[in-house]
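This report refers to the structure that appears directly beneath it.
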Amino acid sequence: TMCGICGKVDLVQPLPAGLIEATAAAMLHRGPDDGGTFAESVPGPDGRTWHVGLGHRRLSIIDLSLAGHQPMTNERGDVWLVFNGEIYNFAELRAHLLRAGHAFHSRTDTEVIIHGYEEWGVEVLSRLRGMFAFALWDRPRRRLLLARDRLGKKPLFYSATPAGLAFASEVAALLQDGAIDRTPDLLA
């Protein structure tokens, strides 16, 4: 599967208008079936405002319906996810989460990650079998969780800046952000 994910967290200033849309659009070839963005600014416990944006380009594979639209959120709208990949054991995890009382609105492996995170926190990573890269924004905890499968099959590039963090499935998409230094790191 080949979708594209992107996003940014900035603790200094609001995200530039259209940044997440432009970053996602740079990956249209990765996901021609659908796309979406999410952005919000929320106060943090230390007085700084968290400016967060997530973007997605979708290649529909498992659930072809609009129920698989991303960024995807939980019922409360306080956990958001963009996901690229395939979770091979999602049916088993879904069955466990249904027994635990979670309600599903799609048949996607994406939603299994959201409810798995609600149930197990970051320990959900040890339960996932597959190839994946994802970003999960947890508003109540002011946490952005970036994860990639153990072998790195799905790409995830990032740039840490003094103000925060930006990420994308491709370097060309990441460089849509003018705040990222384009100088090559020759040592790397």
Q) Can you pull the three principal axis extents for the Cα set of the range 1-157, in Å, largest first? A) 42, 36, 30
**Q.** With DNA, RNA and ligands ignored, accessible area of Val122 (1.4 Å probe; Å², nearest 10)
**A.** 60
Q: Show that you can apply the helix-only estimate: for the chain, add -39,500 (n - 2.57) for every DSSP H stretch of four or more residues, divide by all residues, and state [θ] at 222 nm to the nearest 500.
A: -5000 deg cm²/dmol
Q. Measuring from label point to label point, each 7 Å out along Cα→Cβ, what is the His105 to Ala22 span in nm?
A. 3.1
Q. Can you give the accessible area of Glu86, probe radius 1.4 Å, in Å² rounded to 10?
A. 60
(Q) With a 1.4 Å probe and all protein chains left in place, how much of the accessible area of the range 48-188 comes from carbon and sulfur atoms, in whole percent? (A) 55
Q: Multiply the residue gap between Arg141 and Arg76 by 0.36 nm, knock off their C-alpha separation, and tell me the result in nm, one decimal place.
A: 22.0 nm
Q. If contacts are Cα pairs under 8 angstrom and at least 6 residues apart, what is the relative contact order of the chain in percent?
A. 24
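At 0.36 nm per residue, minus the direct Cα-Cα distance, what do Ala188 and Ala163 gain on full extension? Give it in nm, one decimal, please. Working shown, then result.
Working: separation 25, 0.36 × 25 = 9.00 nm, distance 2.24 nm.
That works out to 6.8 nm of additional length.
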Q.
Please compute the length gained on full extension between Arg129 and Arg48, using 0.36 nm multiplied by the number of residues separating them and subtracting their Cα-Cα distance.
A. 25.5 nm
(Q) Using the Cα centre of the range 17-123 as origin and beta-carbon charges of +1 (Lys, Arg) and -1 (Asp, Glu), tell me which of Gly85, Thr73, Trp50 is placed farthest towards the positive end of the dipole. (A) Gly85
(Q) Once R0 is set to 25 Å, what does the formula 1/(1 + (r/R0)^6) return for the Cβ-Cβ distance between Asp34 and Asp181, expressed as a FRET efficiency to the nearest 0.05? (A) 0.20
Q | Residue (of Leu28, Leu15, Phe134) at the positive-pole extreme of the chain, dipole from beta-carbon charges | A | Phe134
(Q) Using Cα-Cα distances under 8 Å and only pairs 6 or more residues apart, what relative contact order does the range 1-88 have, in percent? (A) 36
Q: Measure off 7 Å from each Cα along the Cα-to-Cβ vector at Asn89 and Arg150, then give the distance between these two points in nanometres to one decimal.
A: 1.0
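Name the shape class, rounded, prolate or oblate, that the alpha-carbon gyration tensor gives for the range 86-188, where a ≥ b ≥ c are the square roots of its eigenvalues, rounded holds for a/c under 1.5, and otherwise prolate holds if a/b is larger than b/c and oblate otherwise.
Values: a/c = 2.79, a/b = 2.02, b/c = 1.38.
The shape class here is prolate.
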Q.
Could you tell me how far the Cα centroid of the range 60-123 sits from the Cα centroid of the range 11-59, in Å?
A. 20
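Rank by packing, highest mean first: peptides 156-165, 43-52, with packing defined as the count of other Cβ atoms within 10 Å averaged across residues. Could the numbers behind the result be given before it?
On the way: 156-165: 14.8, 43-52: 13.2.
Packing order, densest peptide first, comes out as 156-165, 43-52.
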Q: Name the residue farthest towards the positive end of the dipole of the range 104-188 from the options Ala166, Trp120, Ala147, assuming +1 on Cβ of Lys and Arg, -1 on Cβ of Asp and Glu, about the Cα centre.
A: Trp120
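The values are calculated or read from the model by the stated rules, or taken from the named source; none is laboratory data. Small disclaimer: the values here were computed from a predicted structure and weren't measured. In this analysis, Cβ positions are derived from the backbone assuming ideal geometry, glycine residues included, and neighbour counts consider all displayed protein chains. Note: accessible area is taken over every heavy atom of the protein model, side chains too, but ligands, DNA and RNA are not part of it. Shrake-Rupley method; radii C 1.70, N 1.55, O 1.52, S 1.80 Å.
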